[in-house]
Amino acid sequence: MTRQAGFVAWQRSAFVESLEDRALLSPIGTEDLSITANSANKAEGNASTTAFTFTVTRTLGTAVTASVDYVVSGSGTHPADVTDFGGSFPSGTVEFGSGETSKEITISVTGDTSIEYDESFTVTLSNPSSGAEIQTASADGLIQNDDGSTFLISATDANKSEGNSGSTPFTFTVTRVGTLSSAATVDFAVAGSGTHAASSSDFAGGTLPSGTVNFEAEQSSQTITVNVKGDTTVEYTERFTATLSNASIGTISTPTANGFIALDDFVDMVHVASGSTVLVATIAENGHVQVKLGGVVQADVIPEAVRSIRLAGATGNDSIDLRGMSSSNYPNLRSIRLFGGAGNDTILGSTFDETIGGGLGNDSLLAGRGADRLVEQVDVPTSQTAIRVLLSSTTTASQFKLTGFGTDVISGFETASLSGAAGNDSINLGLFVGSVTLNGGAGNDTLIGGSGNDQLNGADGHDVLTGNGGDDQLAGGDGTDTVMESGSANFVLTPTALTGLGADSLTSLEKANLATANVRSSINASTFTGKTTLTGGDGRDTLIGGSSDDSLSGGGGSDSLRGGRGNDTIDAGTGDNDTVSGGVGNDSLSGGTGLGDLLIEVGGNGNQAMTLTSSALTGVLGNDKLSGFEAASLTGGGGIDFINASAFLFAVTLIGAGGGDTLIGSSGNDLLDGGVGNDTLLGGLGSDSLRGGDGTDLFTLRPWQ
């Protein structure tokens, strides 16, 4: 062995000896603390207290004093609680004197005569003094039941529907608590209970179930299965009770548990009057909807089973009042549809969501607090008779007058659906604050939505659709149909969309009629392929037509109007300093009655020829009729342009762009700019400004002959 190896061996030997003798040789060192159960698994007794003991030991540095805290808590499947310890969980501190290696903790468990499970608790060490470490922190105790046994029953899976055929198992759990050392039995029996009690016919075999539950030694639970027979009979949810009796050992602490055979057979409550028979519907004293037809009370229907209600009158003056209807009586109700028919009807809605229609006649339709829908349509949709429907305000807050199907008073509706006939219908729901669906049918119809997200369907004919506010869906259908909107907004129109008052989608709409209010706004229809009529207000508007034959009217204010392609008609209106551009096509352009109105035209690529007079502009862009312009600005293309404004009475700006251009001014104070190329510029009368640009240019400063 080397000297180094011998030294290591000596160190290890010395280390082992120091571990064995540390308690004697050194008063300072690490102490290990552990707890074990001593006498902690036993019965509690029937009175007073029983001592459960635990031992706390320490090893290693026992020459000094030490301490550690402890606390008791419930644990396990059936934990002990404070009542098992006199009202609070025990806790305290274990104190070790110098040289002491073990201490005993005594936990006093309170005796009782209650039948209960064996209960567990845990004693846990914590907060050791300085220099001490806890090695085993906890130990368990078990309070054994010594008060016999008891039986309990509870519903496990016993609240469900029966099904329409066969049988459905309903289960209950019987639990035995306490001393389980012996076998035991307990009887059970099923009987109907509650307001709507089950009967023998509800169970398989046609008899009320009964029997005996057998427990082997140490067995704590068993299952009772009750088979309920399925059927298609409409009936209430029925209750039955399973009851324990005749326990062979011990007592029965919870003798009963309830089962519920839930309703699963539903009906639709439908009552429809015919001819002059009057329908009257009210809420009866028992909370049920009671219906009379011609004064005869109709058969009552179990409210719990009602899935939908449909009541419809005929030619009589019908009355439907569902204001007292309760959701607790009708828990499964999903749909209510109420229709008055042709008489002067009164319909008062409930708190449910309802669909209500008055039909013809002067009706009073007052919806309740649900999400209600107004539905009206012509009785014979194929009739050629046109209808005119208008929603207007009344002197009563939240009530409106609806004319067209009669003169109705309506309130409380969140949505509406109205349909016209085969004639030229007009349906105006502009005051409606919810979402509407309007169907024009055949004919040339005018449909006007409200402020919500509406759906307007023109169908056949040449229809006019106005969505108003909201994100609307506008479908023209067959025919040449028009979208019409007006308001304080900046409109952008494409073949499939219109934004401004909302974000509307467009389908099969070939024309547009858009107008702005008296504020600064714009209408841009540059990508729309159909005809447009664009109208500005008294503000400073910008109107841009599309590729068809458009009509633009500026109104008041200093407006900018551009026709685009097509044979356009443009009137700048009454404002001053308007700018007008007809674009390509044979246009009719007017500066209006204001002053300082400017005509602007820009040629395309190639050679451009334009001749301007006070009443016409001819050239490759088209042959335009002019009136009311006090100035003009004409720009050629990239080729050789010829622009002649000699017969125009006011100042012009002529721009040749590229190529060798010829520009001839008017009798006003003109600006002529030849641009690139060898240009010829003739100023004419007035104080003119001539700019040759690049190239060899020729200026002529005399009247053109």
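The values are calculated or read from the model by the stated rules, or taken from the named source; none is laboratory data. If you're wondering where the values come from, they're calculated on a predicted model, not measured in any experiment. In this analysis, Cβ positions are derived from the backbone assuming ideal geometry, glycine residues included, and neighbour counts consider all displayed protein chains.
Whenever a residue of region 196-218 is closer than 19 Å to PRO169 by Cβ, its partners that are aliphatic (A, V, I, L, M) and part of a loop (DSSP other than H, G, I, E, B), lying with C-beta atoms within less than 7 angstrom and at least six residues away or across chains, give the pairs SER200/LEU208. The sole residue among ALA183, ALA139, ALA158, ALA189 that is under 41 Å from the mean Cα position of the chain (by Cα) and either more than 25 Å from ILE115 (Cβ to Cβ) or among the aliphatic types (A, V, I, L, M) (or both) is ALA158. Only a single item in (1) in contact with a Phe, Trp or Tyr (Cβ under 9 Å, 6 or more places away or on another chain); (2) more than 17 Å from THR315 (Cα to Cα); (3) at pLDDT below 95 is not met by VAL378, and it is number (2).
Quick one: is SER393 in contact with a strand residue (DSSP E or B) (Cβ under 9 Å, 6 or more places away or on another chain) and either surrounded by 24 or more Cβ atoms within 10 Å (Cβ to Cβ) or under 18 Å from LEU360 (Cα atoms) (or both)? Give the steps one after another, and end with the answer.
Values: in contact with a strand residue (DSSP E or B) (Cβ under 9 Å, 6 or more places away or on another chain): yes; either surrounded by 24 or more Cβ atoms within 10 Å (Cβ to Cβ) or under 18 Å from LEU360 (Cα atoms) (or both): no.
In short, no.
Is it the case that some residue within region 634-651 is at pLDDT 90 or above, buried (at least 21 other Cβ atoms within 10 Å of the Cβ), under 60 Å from the mean Cα position of the chain (by Cα) and of a type in the set (Gly, Ala, Ser)? No, region 634-651 contains no residue that is at pLDDT 90 or above, buried (at least 21 other Cβ atoms within 10 Å of the Cβ), under 60 Å from the mean Cα position of the chain (by Cα) and of a type in the set (Gly, Ala, Ser). Cβ separations smaller than 7 Å between residues 6+ apart or across chains give the following pairs from region 365-380 residues that are among the charged types (D, E, K, R) to residues that are modelled with pLDDT of 90 or more and part of a strand (DSSP E or B): ASP372/GLU354; ASP372/ILE356; ARG373/THR355; ARG373/THR415; ARG373/ALA416; ARG373/SER417; GLU376/GLY357; GLU376/LEU418.
State whether the residues of region 90-97 include one that is in the same structural domain as SER48 (by TED's automatic domain parsing), at pLDDT below 95, among the polar types (S, T, N, Q) and surrounded by fewer than 18 Cβ atoms within 10 Å (Cβ to Cβ). Checked against the condition, which is being in the same structural domain as SER48 (by TED's automatic domain parsing), at pLDDT below 95, among the polar types (S, T, N, Q) and surrounded by fewer than 18 Cβ atoms within 10 Å (Cβ to Cβ), region 90-97 yields no hits at all.
Within region 164-186, can you find the residues that are surrounded by 15 or more Cβ atoms within 10 Å (Cβ to Cβ) and either in contact with a helix residue (DSSP H, G or I) (Cβ under 8 Å, 6 or more places away or on another chain) or over 30 Å from GLY45 (Cβ atoms) (or both)? The answer is SER167, THR168, PHE170, PHE172, THR173.
Please note which strands (runs of 3 or more DSSP E) are completely contained in region 271-351 and include at least 2 residues that are under 29 Å from THR237 (Cα atoms). Walk me through it before giving the result.
Numbers: elements: 279-283, 289-293, 306-312, 319-321, 335-339, 346-348.
By residue number, 279-283, 289-293, 306-312, 319-321, 335-339.
Does ALA616 satisfy the criteria of being without any contact (Cβ under 8 Å) to a residue 12 or more places away in the chain and farther than 30 Å from MET484 by Cα? Criteria met by ALA616. A search for C-beta distances below 7 Å between a residue of region 466-477 that is of a type in the set (S, T, N, Q) and any residue that is outside any strand (DSSP E or B) and surrounded by 22 or more Cβ atoms within 10 Å (Cβ to Cβ), counting only pairs 6+ apart in sequence or on different chains, returns THR466/GLY449; ASN468/GLY449; ASN468/GLY450.
The strands (runs of 3 or more DSSP E) found wholly in region 577-678 and carrying at least 3 residues that are in contact with a Lys or Arg (Cβ under 8 Å, 6 or more places away or on another chain) occupy 671-673.
With the structure loaded, tell me whether SER327 is free of Cβ contacts under 8 Å to residues at least 60 places away in the same chain and touching a Ser or Thr at 6+ places or on another chain (Cβ under 8 Å) or whether it fails that test. Yes.
Just for region 506-546: of the residues that are among the aliphatic types (A, V, I, L, M) and in a loop (DSSP other than H, G, I, E, B), which one is nearest to the chain's Cα centre (by Cα)? First the steps, then the outcome.
Here is the first cut: in region 506-546, the ones among the aliphatic types (A, V, I, L, M) are 506, 509, 512, 514-515, 517, 519, 523, 525, 534, 543-544.
If we keep only those that are in a loop (DSSP other than H, G, I, E, B) as well, we get 509, 517, 519, 525.
On the way: LEU509: 31, ALA517: 34, VAL519: 35, ALA525: 34 Å.
Once the filter is applied, the top-ranked residue is LEU509.
The set of residues in region 108-120 that are in contact with an Asp or Glu (Cβ under 7 Å, 6 or more places away or on another chain) and part of a strand (DSSP E or B) comprises VAL109, THR110, GLU119, SER120. Out of the residues in region 407-453 that are among the acidic types (Asp, Glu) and without any contact (Cβ under 8 Å) to a residue 40 or more places away in the chain, which is surrounded by the fewest Cβ atoms within 10 Å (Cβ to Cβ)? Residue satisfying both the conditions and the ranking: ASP425.
Quick check on region 122-130. Is at least one of its residues under 28 Å from ILE252 (Cβ atoms), aliphatic (A, V, I, L, M) and crowded, with 16+ Cβ neighbours inside 10 Å? No; the residues of region 122-130 include none that is under 28 Å from ILE252 (Cβ atoms), aliphatic (A, V, I, L, M) and crowded, with 16+ Cβ neighbours inside 10 Å.
All of SER276, SER245, SER253 fail the test of being surrounded by fewer than 17 Cβ atoms within 10 Å (Cβ to Cβ), within 30 Å of SER182 (Cα to Cα) and over 31 Å from the mean Cα position of the chain (by Cα), apart from SER245.
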